[in-house]
Amino acid sequence: MAEDNGKRPEGLPPTPPHYAPCTAGVKPDDVARSQAEFPWRVVDWNDDRKWGSWEQLGLKVKPEMGSMEWKEMADQEHCFTGVAKIHPGSIEPEHIHDPPMVYYILEGNPTIILNGIPNKTRPGQCVSIPGRCPHRIINDKHADTATWIWTYVPPTKKVNKHDLNWEWLEEVEEKA
């Protein structure tokens, strides 16, 4: 899925920057040629881009909601995913959205309320949130900052392990 003459669909933010140190041993022209054919990226959330905030969205969230931050990681032409942090004593307000999403908990023990049911999470867990399911996140005031990866799943196409259309491009089995 090559980019259309370098033009991005209207409304999409800039493509997150490729983390160049990971391809330091490869000729820059080879990287550029490969990315022109398939616009892949390796993105580092520790880069110098600013973390997103409610204020950047133009929202004046109530002070008692505390604060959280996020960084978008994958180019939205492919999927919408990133990393988020919620600080001690903070709440992500209850909300819904059309696409399903998943959270992969990396750090902390946030409580994720799914359709009214509180779920105390821990690192290593995956939270599946169906489209239009009401959800919110609470991080106790005595807790550490919680960090998780979030990914919105396209609502228009079902994806399951049986319909991935894998093709092996190298020999994977031992020959007798």
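The values are calculated or read from the model by the stated rules, or taken from the named source; none is laboratory data. Owing to the predicted nature of the structure, the values given are computational and were not obtained by experimental measurement. Note that each Cβ is placed from the backbone with ideal geometry, even for glycine, and that neighbours are counted across all protein chains shown.
Given the structure, is Thr15 surrounded by 13 or more Cβ atoms within 10 Å (Cβ to Cβ) and at pLDDT 90 or above? So Thr15 fails the test.
Pro123: at pLDDT 95 or above, surrounded by fewer than 15 Cβ atoms within 10 Å (Cβ to Cβ), within 23 Å of Glu69 (Cα to Cα) and within 20 Å of the chain's Cα centre (by Cα), yes or no? So Pro123 fits the description; yes.
Annotation note: Cβ proximity below 7 Å between a residue of the stretch 21-47 that is within 21 Å of His78 (Cα to Cα) and a residue that is among the acidic types (Asp, Glu) (sequence gap 6+ or interchain) occurs for Pro39/Glu3; Pro39/Asp75; Arg41/Asp75. Of the listed requirements (1) farther than 30 Å from Arg132 by Cβ; (2) surrounded by 10 or more Cβ atoms within 10 Å (Cβ to Cβ), Gly25 misses just one: (2).
For the stretch 163-171, the criterion of being at pLDDT 95 or above and either within 19 Å of the chain's Cα centre (by Cα) or on the phi > 0 side of the Ramachandran plot (or both) is satisfied by no residue at all. Of the residues making up the stretch 135-144, those that are exposed (fewer than 12 other Cβ atoms within 10 Å of the Cβ) and among the charged types (D, E, K, R) number 1.
Only a single item in (1) of a type outside the set (A, V, I, L, M); (2) without any contact (Cβ under 8 Å) to a residue 60 or more places away in the chain; (3) at positive phi is not met by Lys50, and it is number (3). Cβ-Cβ distances below 9 Å connect the following pairs, each with a first residue in the stretch 131-152 that is more than 16 Å from Trp70 (Cα to Cα), a second residue that is among the hydroxyl-bearing types (Ser, Thr, Tyr) and at pLDDT 95 or above, and a separation of six or more residues or different chains: Asp140/Thr111; Lys141/Ser90. Scanning the stretch 68-90 for residues that are surrounded by fewer than 19 Cβ atoms within 10 Å (Cβ to Cβ) and assigned to a loop (DSSP other than H, G, I, E, B) yields Ala74, Gln76, Glu77, His78, Cys79, His87, Pro88, Gly89.
Determine whether Pro21 is touching a strand residue (DSSP E or B) at 6+ places or on another chain (Cβ under 9 Å) and either within 17 Å of Thr81 (Cβ to Cβ) or not in a loop (DSSP other than H, G, I, E, B) (or both). Judged against the criteria, Pro21 is not a match. Hey, does the stretch 126-134 have a residue that's in a strand (DSSP E or B), surrounded by 13 or more Cβ atoms within 10 Å (Cβ to Cβ) and within 15 Å of the chain's Cα centre (by Cα)? Within the stretch 126-134, one or more residues are in a strand (DSSP E or B), surrounded by 13 or more Cβ atoms within 10 Å (Cβ to Cβ) and within 15 Å of the chain's Cα centre (by Cα).
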